[in-house]
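Working notes, beginning with the structure itself.
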Amino acid sequence: MKELLLQYAQYNVWANKLILDTIGKLEDGAVDKEITSSFPSIRETVYHVWSAEYIWLQRLQLAEHPVWIQGEFNGAFEQACGDWQKVSATFVEFVEKQYDERAFEHVLQFYDRQKASHKMPVYQVLHHVFNHSTYHRGQLVTMLRQAGATDIPGTDFIRFARKK
C-alpha cells in the first residue's frame with residue numbers, strides 16, 4: 001500500500017506542476033476570466049484545490065485548528081501556485097515517513113468545515129486527496145482551453161508511470 005500511495009503522491013506533484021506551468025503561460029487576466037465550471041475561474045479552481053490539499057495535510061498532521069487557506073490568503077497568484085506545489089510535495093514526505101503499512105490503516109478523526117465529526121483511515125484520506133486533485137485538474141484543462149491555451153500537457157497517470 002505504501003508504494004502505491006507514494007506513487008500517487010509523486011504523480012500528484014508531477015501533474016500539478018504540469019498544469020501550473022501551463023497556467024503560468026497564460027496571458028494577463030486569463031486566470032480571472034469567467035468560465036463556467038465548478039468554480040468561476042482558473043484562479044478560484046487553483047485556490048480550491050490548493051486549499052483542499054492543505055486542509056487535508058493539516059488534518060493528517062493532527063493540527064488542532066486546520067485552516068482553509070483560500071479564505072485567509074491575500075498574496076499573489078504566483079505565490080499561491082508555489083505554495084500549492086509545496087503542499088503537494090509534503091504529501092510525498094508524509095507517505096515516505098510512515099513506518100509501516102499499519103500507519104495507513106490508522107483511523108483519523110477530524111472535523112469538516114461545518115464542524116461535523118468524521119473518521120476515515122489514512123489511506124482513504126490520501127486516496128481522496130489525490131483523486132480530488134485529479135478531478136479538478138481535468139476541469140482546469142477544459143478551462144485552460146477556453147482561456148486560449150493550446151499546448152496543454154497530458155496529465156494521465158500512465159504518462160507519469162511511463163516516465164519513471
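All of the numbers you see were taken from the coordinates with simple rules; none came from a lab. Predicted, not measured: the structure shown is a model, and the values here were computed from it. Every residue, glycine as well, gets a Cβ built from its backbone with ideal geometry; the counts of neighbours run over all protein chains shown.
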Handout entry: For the chain, with +1 on Lys and Arg beta carbons and -1 on Asp and Glu, the positive-most of Gly75, Thr155, Val49 along the dipole
Key = Thr155
Handout entry: Selection from His65, Ser133, Leu4 lying farthest towards where the dipole of the chain points positive, charges on Cβ
Key = Leu4
Handout entry: In the stretch 57-151, the chymotrypsin sites (Phe, Trp or Tyr not before Pro) that fall in loop regions by DSSP, at most 13 other Cβ within 10 Å
Key = Tyr99
Completion exercise
Helix 77-97: inclination vs the chain longest Cα principal axis, degrees, rounded to 10, gives 30
Handout entry: the stretch 58-134: trypsin sites (Lys or Arg not before Pro) in DSSP loop, at most 13 other beta carbons within 10 Å
Key = Arg113, Lys115
Handout entry: Per-residue ³J(HN,Hα) for the stretch 9-14, Karplus 6.51 cos²θ - 1.76 cosθ + 1.60, θ = phi - 60°, Hz, x for Gly and Pro
Key = 5, 5, 4, 4, 4, 4
Fill in the blank from the handout: Listed by chain and number, the lysines with an alpha carbon less than 19 angstrom from that of Lys25, same-chain partners under 8 positions apart left out, are Lys17, Lys33
Problem - In degrees, nearest ten, helix 42-60 long axis to first principal axis of the chain (Cα) - result: 10
Fill in the blank from the handout: In deg cm²/dmol, rounded to the nearest 500, the helical mean residue ellipticity at 222 nm of the chain, built from -39500 (n - 2.57) for every DSSP H run of length 4 or more, is -20000 deg cm²/dmol
Handout entry: Exposure proxy ranking, count of Cβ atoms within 10 Å, fewest first, for Ser41, Ser88, Ser117
Key = Ser117, Ser41, Ser88
Handout entry: Most mobile listed residue (Thr36, Thr45, Thr22) in the chain, GNM with C-alpha springs under 10 Å
Key = Thr36
Handout entry: Tensor-based shape of the stretch 45-164 (alpha-carbon gyration tensor, a/c under 1.5 rounded, otherwise prolate or oblate)
Key = oblate
Exercise for the section: Distance between Cα centroids, the stretch 106-135 to the stretch 59-87: provide it in whole Å. Expected result: 17
Practice task
Under 13 Å from the Cβ of Leu18, count the other residues' Cβ atoms, weight Lys and Arg +1, Asp and Glu -1, and hand me the total.
Solution key: +2
